[in-house]
1. Which of the residues spanning region 238-265 are of a type in the set (Asp, Glu) and either surrounded by 13 or more Cβ atoms within 10 Å (Cβ to Cβ) or free of Cβ contacts under 8 Å to residues at least 12 places away in the same chain (or both)?
2. Could you check, for region 92-106, whether at least one of its residues is assigned to a strand (DSSP E or B), among the β-branched types (Val, Ile, Thr), touching a strand residue (DSSP E or B) at 6+ places or on another chain (Cβ under 9 Å) and within 16 Å of ligand 1 (Cβ to nearest atom)?
3. Identify the single condition in (1) away from ligand 1 (no atom under 14 Å from the Cβ); (2) surrounded by 14 or more Cβ atoms within 10 Å (Cβ to Cβ); (3) among the aliphatic types (A, V, I, L, M) that Leu235 does not satisfy, given that it satisfies every other one.
4. Within region 218-241, can one find any residue that is within 16 Å of ligand 2 (Cβ to nearest atom) and not hydroxyl-bearing (Ser, Thr, Tyr)?
5. Restricting the first residue to region 181-203 and requiring it to be modelled with pLDDT under 95, which pairs with a second residue that is crowded, with 23+ Cβ neighbours inside 10 Å meet a Cβ separation below 6 Å and a spacing of at least six or different chains?
6. Can you name every residue in region 157-174 that is touching a strand residue (DSSP E or B) at 6+ places or on another chain (Cβ under 7 Å) and either closer than 15 Å to Thr284 by Cβ or within 16 Å of ligand 1 (Cβ to nearest atom) (or both)?
7. Quick check, is Leu263 within 18 Å of Asp294 (Cα to Cα) and of a type outside the set (S, T, N, Q)?
8. Tell me, please, whether a residue that is out of contact with any strand residue (DSSP E or B) (no Cβ under 7 Å at 6 or more places or on another chain), under 22 Å from His191 (Cβ atoms) and surrounded by fewer than 18 Cβ atoms within 10 Å (Cβ to Cβ) can be found in region 266-277.
Amino acid sequence: MFTRDIGIDLGTANTLVCIKGKGIVMREPSVVAYEARNDIVRAVGTEAKEMIGRTPGSIIAVRPLKDGVIADFDVTAAMLKKFIKQALHGSIFTRVRIMICVPAGVTEVESRAVKDAAIQAGASPNNILLIPEPKAAAVGAGLPVDDSTGCMVVDIGGGTSEVAVLSLGDIVTAQSVRVAGDKLDEAIINHIRKMHNMLIGERTAEEIKISIGSAKPYEGEGIMEIKGRNLVDGLPKSVIISAAEIREAMADTIKQIIDAVRLTLEKTPPELSADIIDRGITLTGGGALLRGLDELMSEETGIPVYVAENPLDCVIIGTSKELERTDFTEDYFRRLKKYR
Ligand code: ADP
Ligand code: MG
């Protein structure tokens, strides 16, 4: 019987898939476009993301995972099914075993939903392993998680920021806040609306954040011309915005993320705190790429902060490594039991 073992990082912004023995095979935005009339899926991933905010009334483009958890179960399951099919290139395997990441703070109901989505996508219930995201992120960032020395990882995604301290291969303390990349985009939308009387979409907000956004002033920071709808007369208009005003607009949200890090540090056993002071904090997830975030976090916590290599890939790299280590036997299940 043919078996394929696949790992999935089902993120609120991006879904990545790896196959045992092959490595990462797919990176796509977690977006689905479907027909309003009959729920038929028209597109997933990049193609669907391009439709956000541009669809006619007959097509709906959504991100089925909001704030880190499954907001729309059926759409998530349909998306997962498409992605798995795509990752396997339509090859027919009689059995698929899936290792899938869940945020550390998920409730029983939420993790059940992830599992059920994987079942709907074709895996049998006994062939699904859930692994905590911060652990996968830490492994993927190359941290020595199996050591008795503590390490801290902060994964900043689209919907959630996960802060965790790990030691001896397990999570010691973790904190998950629903403040991450999306909230930064929202802060930019609100700022442009208030200060420039203009309405912009979430994709434009994300572009602004990535092109000129920062947590700290940086060299060569400039301005950007953006287009949207004038709230006064409803007509299209363009305005010039500065990196400084965008930084100001995002400041509160960034503070909330750093506060979560502080809170986790306060809850960390002293021996492990000492380790973290020596080793520093490692940032993963797309949010880690925000200019100056590492520097600001370091100033605010007094601890060195490093951005992992390829932060967007850390979770799937870690999942891939864990996948290589397991053969889906009872033993591995038992170790991960509390996350099932
Ligand atoms: P998730 O795990 O929730 O799917 P990701 O780790 O894929 O999230 O990160 C996606 C988030 O990272 C999005 O909010 C995106 O806007 C943000 N992001 C990606 N690149 C950058 C960048 N260069 N600067 C700031 N934010 C970024
Ligand atoms: Mg993620």
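The values are calculated or read from the model by the stated rules, or taken from the named source; none is laboratory data. Computed from a predicted structure; not experimentally measured. Virtual Cβ from ideal backbone geometry, glycine too; neighbours counted across all protein chains shown.
1. As a first pass, look at region 238-265 and keep what is of a type in the set (Asp, Glu): 245, 248, 252, 259.
Correct list: Glu245, Glu248, Asp259.
2. At the first step, the residues of region 92-106 found to be assigned to a strand (DSSP E or B) are 95-102.
If we keep only those that are among the β-branched types (Val, Ile, Thr) too, we end up with 96, 98, 100, 102.
Among the residues that remain, those that are also touching a strand residue (DSSP E or B) at 6+ places or on another chain (Cβ under 9 Å) are: 96, 98, 100, 102.
Add one more test, that the residue is within 16 Å of ligand 1 (Cβ to nearest atom), and what stays is 100, 102.
Yes, the conditions are met somewhere in region 92-106.
3. So Leu235 meets the others, but not (2).
4. From region 218-241, those within 16 Å of ligand 2 (Cβ to nearest atom) are none; that's our starting set.
Taking every residue of region 218-241 in turn, none turns out to be within 16 Å of ligand 2 (Cβ to nearest atom) and not hydroxyl-bearing (Ser, Thr, Tyr).
5. Glu202/Asp185
6. We begin by selecting, within region 157-174, every residue touching a strand residue (DSSP E or B) at 6+ places or on another chain (Cβ under 7 Å); these are 159-166, 171-174.
If the condition is that a residue be touching a strand residue (DSSP E or B) at 6+ places or on another chain (Cβ under 7 Å) and either closer than 15 Å to Thr284 by Cβ or within 16 Å of ligand 1 (Cβ to nearest atom) (or both), then Gly159, Thr160, Ser161, Glu162, Val163, Ala164, Val165, Leu166, Ile171, Ala174 are the ones that fit.
7. Working: within 18 Å of Asp294 (Cα to Cα): yes; of a type outside the set (S, T, N, Q): yes.
Yes; evaluated as a whole, the condition is true for this residue.
8. Within region 266-277, not a single residue is out of contact with any strand residue (DSSP E or B) (no Cβ under 7 Å at 6 or more places or on another chain), under 22 Å from His191 (Cβ atoms) and surrounded by fewer than 18 Cβ atoms within 10 Å (Cβ to Cβ).
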